[in-house]
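These notes are about the structure you will find just below.
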Amino acid sequence: LKAYRDRVVIATKFGIRFDHPELPGNHPLITNSCPEAIRESVESSLRRLRTDHIDLYYQHRIDKNVEPEVVADTISELIKEGKILHWGISEATAEYLRRAHRVCPVAAVQNRYSMMARWHESLFPVCEELGVGFVAFSPLANGLLSKCYNIESIFDTQTDYRAVMPQYQKDSFEKNKCLFEMIEQLAMEKHATPAQISLAWMMSKKPWIVPIPGTRCLCRLKENIGAADISFSQEEVAAIDKLLSTMEMSEVFGGSRIVDKAQ
Ligand SMILES: NC(=O)c1ccc[n+]([C@@H]2O[C@H](COP(=O)([O-])OP(=O)(O)OC[C@H]3O[C@@H](n4cnc5c(N)ncnc54)[C@H](OP(=O)(O)O)[C@@H]3O)[C@@H](O)[C@H]2O)c1
């Protein structure tokens, strides 16, 4: 990206490390957002990224041992020093967001959000009130909503978390039948792919909701970008939400366990 540095937004995060990253599978997270750790992280990121500033710097997980005001204060200093331009909080709660925002205005929260994981919708009014963007991570429920996977799909237990995610267990495909049918029907109506439907649904809700689907394939990147050309009316969104609230669904991966440093 060196040649395009001024035309891209680089976002990265601070505040966690993995417990036993050498082992396969899903690792518990250890949080550390004390001021020294934040400073050390930002310097390391700047060095690795070979840039002199980070456009958007997120706290990866709330550290219950450090008050939001202390984190926000440290960020405020880093902004004054020009090392970061904006900051955000990942897996933010309303109370934490409000307290942090009071000390140093937050640009974005980055929380899990998809048709299968809607528990952060209660944060939307707070985002609207404070003028904070909502960046939706795992917007395809880790790929499941693309409908590219089925009961026969196999994931490498050493390298691919999906092997242990509840939505990819064999019995989940049957439980999610209604959800898949609804997405398929909408895809037909909108001349879109299932992945585009999942992304367009949330983008149609508010202009400040931004999904960040992950992919290793250029064709899927282009497909996902195409979701920006598909829209749902507020009535259509409300009808989809109503269906989602009542239909049977499997469990969905809700995040890695957070363990205390002392353990
Ligand atoms: N803040 C946090 O704590 C946090 C946690 C998790 C993730 N994230 C971020 O969220 C982003 C994405 O989340 P995610 O990767 O967990 O879940 P996701 O975007 O819901 O799903 C990604 C998976 O879906 C597949 N996929 C993507 N587009 C597709 C398409 N059009 N058709 C078929 N399959 C498709 C990808 O496979 P292929 O690669 O094979 O295409 C990938 O395995 C990443 O930027 C990640 O850094 C943040």
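The values are calculated or read from the model by the stated rules, or taken from the named source; none is laboratory data. None of these values were measured; they are calculated from a predicted model. A quick note on method: Cβ atoms are made from the backbone with ideal geometry, for glycine too, and the neighbour counts reach across all protein chains shown. Ligands, DNA and RNA are excluded from the accessible area calculation, which covers all protein heavy atoms including side chains. Shrake-Rupley method; radii C 1.70, N 1.55, O 1.52, S 1.80 Å.
Before we move on, is G131 at positive phi and open to solvent by 40 Å² or more (accessible area, probe 1.4 Å)? Yes; evaluated as a whole, the condition is true for this residue. Here A107 meets the list (1) among the small types (G, A, S); (2) more than 11 Å from the ligand (Cβ to nearest atom); (3) crowded, with 16+ Cβ neighbours inside 10 Å; (4) without any contact (Cβ under 8 Å) to a residue 40 or more places away in the chain almost entirely, failing just condition (4).
What do you reckon, is T157 more than 12 Å from the ligand (Cβ to nearest atom), outside any helix (DSSP H, G or I) and either touching a Pro at 6+ places or on another chain (Cβ under 7 Å) or hydroxyl-bearing (S, T, Y) (or both)? Spelling it out, T157 is indeed more than 12 Å from the ligand (Cβ to nearest atom), outside any helix (DSSP H, G or I) and either touching a Pro at 6+ places or on another chain (Cβ under 7 Å) or hydroxyl-bearing (S, T, Y) (or both). Taking the listed residues A200, A187, A228, the one that is open to solvent by less than 30 Å² (accessible area, probe 1.4 Å), within 15 Å of the ligand (Cβ to nearest atom) and either within 21 Å of the chain's Cα centre (by Cα) or among the hydroxyl-bearing types (S, T, Y) (or both) is A200, with no other qualifying.
Just a yes or no: is a residue in the stretch 145-160 without any contact (Cβ under 8 Å) to a residue 40 or more places away in the chain, surrounded by fewer than 17 Cβ atoms within 10 Å (Cβ to Cβ), among the acidic types (D, E) and under 17 Å from M115 (Cα atoms)? No: the stretch 145-160 contains no residue that is without any contact (Cβ under 8 Å) to a residue 40 or more places away in the chain, surrounded by fewer than 17 Cβ atoms within 10 Å (Cβ to Cβ), among the acidic types (D, E) and under 17 Å from M115 (Cα atoms).
Tell me, yes or no, whether the stretch 117-128 has at least one residue that is near the ligand (Cβ under 8 Å from one of its atoms), in a strand (DSSP E or B) and within 15 Å of L199 (Cβ to Cβ). Taking every residue of the stretch 117-128 in turn, none turns out to be near the ligand (Cβ under 8 Å from one of its atoms), in a strand (DSSP E or B) and within 15 Å of L199 (Cβ to Cβ). Here the stretch 203-225 is the region considered, the condition is being within 8 Å of the ligand (Cβ to nearest atom) and not in a helix (DSSP H, G or I), and the residue that is most open to solvent (accessible area, probe 1.4 Å) is R216. Restricting to the stretch 1-28, and then to whatever is closer than 14 Å to Y58 by Cβ and not in a loop (DSSP other than H, G, I, E, B), can you tell me which residue is least open to solvent (accessible area, probe 1.4 Å)? Ranking the qualifying residues of the stretch 1-28, first place goes to F14.
In the stretch 82-93, of all residues being farther than 15 Å from G133 by Cβ and either free of Cβ contacts under 8 Å to residues at least 12 places away in the same chain or away from the ligand (no atom under 16 Å from the Cβ) (or both), the one that is surrounded by the most Cβ atoms within 10 Å (Cβ to Cβ) corresponds to I84. Within the stretch 29-54, restricting attention to residues that are touching a residue at least 24 places away in the same chain (Cβ under 8 Å) and closer than 21 Å to G255 by Cβ, the residue that is surrounded by the most Cβ atoms within 10 Å (Cβ to Cβ) is S33.
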